[in-house]
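Beneath this line is the structure, given in structure tokens, with notes to follow.
The values are calculated or read from the model by the stated rules, or taken from the named source; none is laboratory data. It should be emphasised that the depicted structure is a prediction, and the values quoted were computed from it without experimental measurement. Glycine also receives a Cβ, built like all others from the backbone with ideal geometry; neighbour counts cover every protein chain displayed.
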Amino acid sequence: MAHHIVELIAQYGLLLVFANVLVEQAGVPVPAVPTMIVAGALAAADRLPLAGVLTVALLACLLADFAWYAAGRYFGGGVMRTLCRISLSPDSCVKQSELRFQRWRGSVLLLAKFVPGLSTVAPPLVGAMGLQPAAFVLFDGLGSLLWVGVAVSLGYVFASQIDYVLDTLANAGSMALLLLGCLLALYIIAKWWQRHRLLRALRMARISVEELNEAMGAGQLPVIVDVRSDAARLMDSRIIPGALLADVKSVDRIVGLVPVDAELVVYCSCPNEASAALVAKALMAHGYKRVRPLLGGLDAWDAAGFPVERATVAVADTISHAA
């Protein structure tokens, strides 16, 4: 079976490498690194042109990444929320949103493909943050060339060892393929269970946007806290009027500014109000009794037609009143 795969790559060569890399970079979990490694080994045996392998793989990366970049540039944070909703690791998406993209800017693309989960997230995020197309192509091209070069070079340099591995897999026959399939299934189940546990841990009483609007209209104004990261606010500057600007790392500073007997409403724009719920739980651990995430977050508030303002400043590692 393994030799059939090698022959398939040798026969369809550059087309198969291009298709595999394109599909993976588009977000489908079909690993392209093994294909590029085998293609590198075939190039070492003069069965594929080395320059051709590098070129088609690089072109596939640029095409898929630029499509995500354009989506982020024209649709903004909505693309990121969609990615997080379909992700098997919503907590990872929350953590990724805390990365200092405003500091790294396009340079994050140089290493994004070597970081699990970041390869698909980075292009739409830098697009939403306004990175210019020329800068994107430059940084993404260099990062893609580095990633493709490493994979193809491994196959080229260790061609003889790869033949040994393929021979071993071929001798193992269907049992090896079954084992690999089981490992993949276990990985997906583990990630699903991790997601399920996170969402279950974050279940708590929410306040609806209608309830919050009524409280604000009646003069019973709770302390409203926007807990999105600076990067998220750069992509989407909407805020609820009067909200404090914080993030998941600013809990201690919230404690220092807000009385423990105050009523707090925390909101974000992530799936299942994940960031807001995490901050709410942390505040409860500090003794706050009346703290609730906003159901549906900022998107639900805006969709209901309630007033929003635009944050003019987003300063890293600070908490302040919105401008």
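Of all residues in the range 140-157, those being at pLDDT 90 or above and surrounded by 22 or more Cβ atoms within 10 Å (Cβ to Cβ) number 7. State yes or no: is Val248 out of contact with any Gly (no Cβ under 7 Å at 6 or more places or on another chain), outside any helix (DSSP H, G or I) and either surrounded by 23 or more Cβ atoms within 10 Å (Cβ to Cβ) or in the same structural domain as Ala71 (by TED's automatic domain parsing) (or both)? No, not satisfied. Count of the range 18-36 residues, restricted to those that are within 19 Å of Leu142 (Cα to Cα), of a type in the set (A, V, I, L, M, F, W, C) and part of a helix (DSSP H, G or I), is 5.
Residue count for the range 119-130 satisfying the condition of being out of contact with any Phe, Trp or Tyr (no Cβ under 7 Å at 6 or more places or on another chain), crowded, with 24+ Cβ neighbours inside 10 Å and more than 21 Å from Ala32 (Cα to Cα): 1. Pairing residues of the range 111-137 that are in the same structural domain as Val30 (by TED's automatic domain parsing) and farther than 13 Å from Cys61 by Cα with residues that are hydroxyl-bearing (Ser, Thr, Tyr) and crowded, with 24+ Cβ neighbours inside 10 Å, at Cβ distances under 6 Å and at least 6 apart in sequence or on separate chains, gives Gly127/Tyr69. Considering (1) over 22 Å from Asp140 (Cβ atoms); (2) outside any helix (DSSP H, G or I); (3) at pLDDT below 75, the lone condition that Arg47 does not fulfil carries the number (3).
If the condition is being under 13 Å from Arg206 (Cβ atoms), at pLDDT 85 or above and not hydrophobic (A, V, I, L, M, F, W, C), then the range 254-280 contributes only Tyr267. Do we have Leu212 as of a type outside the set (Gly, Ala, Ser) and either under 17 Å from Val266 (Cβ atoms) or at pLDDT below 75 (or both) here? Yes, satisfied.
Does Ala314 satisfy the criteria of being at pLDDT below 85, among the hydrophobic types (A, V, I, L, M, F, W, C) and assigned by TED's automatic domain parsing to the domain that holds Ile224? Yes: the conditions hold for Ala314.
The one condition from (1) touching a residue at least 60 places away in the same chain (Cβ under 8 Å); (2) of a type outside the set (Ser, Thr, Tyr); (3) not in a loop (DSSP other than H, G, I, E, B) that Gly256 does not meet is (1). For the range 68-82, a residue qualifies if it is crowded, with 17+ Cβ neighbours inside 10 Å, of a type in the set (A, V, I, L, M, F, W, C) and modelled with pLDDT of 65 or more, and the qualifying residues are Trp68, Ala71, Val79.
Of everything in the range 300-314, what is surrounded by fewer than 18 Cβ atoms within 10 Å (Cβ to Cβ) and not aliphatic (A, V, I, L, M)? Give them in sequence order. Passing the criteria: Asp302, Gly305, Phe306, Pro307, Glu309, Arg310, Thr312.
The combined condition, being hydrophobic (A, V, I, L, M, F, W, C), crowded, with 21+ Cβ neighbours inside 10 Å, assigned by TED's automatic domain parsing to the domain that holds Met216 and under 26 Å from the mean Cα position of the chain (by Cα), is not fulfilled by Ala282. For the residues Leu59, Leu14, Leu63, the requirement of being in the same structural domain as Leu179 (by TED's automatic domain parsing), farther than 30 Å from Met235 by Cβ and at pLDDT 60 or above singles out Leu14.
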